[in-house]
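Working notes, beginning with the structure itself.
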Amino acid sequence: MTKMTINQKIDFISGVQASLKLAYDKGLLSHDISLTVPIQFNIRGRVTGQATYHRYTHSCTLRFNESAITAHWDELFNDTIPHEVAHVVCMLNNKLGTGHDAGWKRVCRQLGGTSNRCHSLDLPAGKRRPDHYVYNTCGEEYAISPIRHARLQRNTHTYLYTPVRGRVATAIERTDWTGRTIPADQVAALLAKR
């Protein structure tokens, strides 16, 4: 992954803020949110940008793909920013449009975007997480999902393992991980060994 320089991040964030300010100046937003929308650079893979709506706080977050920005600056600066800001505008005022409908396209074009739903950039696929992690407790192997594995490794959750009905449940320890991973289609075979 190619990292953005500090100046690139500053320029990109300034572009996002300018697009949010433009939305306010054109009357698409009821108040200026250009300095309050969080902007993150934590997307990987083929997705270039994402707008997320938080319904309890009635606010939005914008996320962008850092390596896509460094590889395709002009495309992301000139089209992805208006694309994602148009989503923010429509999320905060759904009378203007939703998803990628005609109303959203109108907002996107007002902000200087092409209103295309998808990009055609050549980007590598994101790193795929292993399907399941193999653990060994009480001498028996079993599979844990990536989410449960992450929670165990962070030490934020506790899970119990009951090998056979009627036996005492044993707490799964983060040290029980064997270091192996298996794809989803092999989980059933691992369970059948018991």
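Given the alternatives (i) 34, 18, 14; (ii) 44, 19, 16; (iii) 39, 27, 18, semi-axes √(5λ) of the Cα gyration tensor in Å as computed for this entry is given by (ii). How many percent of the alpha carbon pairs in segment 1-65 exceed a separation of 20 Å? Summing the P(r) tail past 20 Å for segment 1-65 gives 32 percent. Solvent-accessible surface of the chain, taken per residue with a 1.4 Å probe and all protein chains present: 60 Å². 3J(HN,Hα) couplings calculated from phi for segment 34-49 with the Karplus curve 6.51 cos²θ - 1.76 cosθ + 1.60 (θ = phi - 60°) are, in sequence order, 4, 9, 10, 7, x, 10, 10, 10, 9, 9, 10, x, 8, 7, 9, x Hz; Gly and Pro show x. Using a Gaussian network model of the chain whose springs link C-alpha atoms within less than 10 Å, name the residue from R44, R55, R154 with the highest mean-square fluctuation. Of R44, R55, R154, the Gaussian network model singles out R154 as fluctuating most.
The aspartates and glutamates within cross-link reach of K26, meaning a Cα-to-Cα straight distance under 19 Å and a gap of 8 or more places when in the same chain, are D79, E84.
Amide H to amide H distances under 5 Å link S59 with H54, where only residues 5 or more positions off or on other chains count and H is placed in the peptide plane. Per-residue 3J(HN,Hα) values for segment 103-116, derived from phi via the Karplus relation 6.51 cos²θ - 1.76 cosθ + 1.60 with θ = phi - 60°, read x, 4, 4, 4, 4, 4, 5, 5, 8, x, x, 7, 6, 6 Hz in sequence order (x marks Gly and Pro). Between helix 6-25 and the chain, what is the angle of the helix's C-alpha long axis to the longest principal axis, kept within 0 to 90° and rounded to the nearest 10? The helix 6-25 is inclined about 60 degrees to the chain.
Close amide H pairs (under 5 Å, H built 1.01 Å from N) link R180 with V134, residues at least 5 positions away or on another chain. Note that segment 146-162 has calculated 3J(HN,Hα) couplings of x, 5, 5, 4, 4, 5, 5, 5, 7, 6, 9, 9, 10, 10, 9, 10, 10 Hz, one per residue in order, obtained from phi through the Karplus relation 6.51 cos²θ - 1.76 cosθ + 1.60 (θ = phi - 60°); glycine and proline are x. From most to least packed by mean Cβ count within 10 Å, the peptides 136-145, 78-87, 17-26, 31-40 give 78-87, 17-26, 136-145, 31-40.
The values are calculated or read from the model by the stated rules, or taken from the named source; none is laboratory data. Remember, predicted model here, so these are calculated numbers, not experimental data. As a convention, Cβ positions derive from the backbone with ideal geometry for all residues, glycine included, and neighbour counts pool all protein chains shown. What goes into the accessible areas is simple: the full protein's heavy atoms, side chains included, and nothing from ligands, DNA or RNA. Shrake-Rupley method; radii C 1.70, N 1.55, O 1.52, S 1.80 Å.
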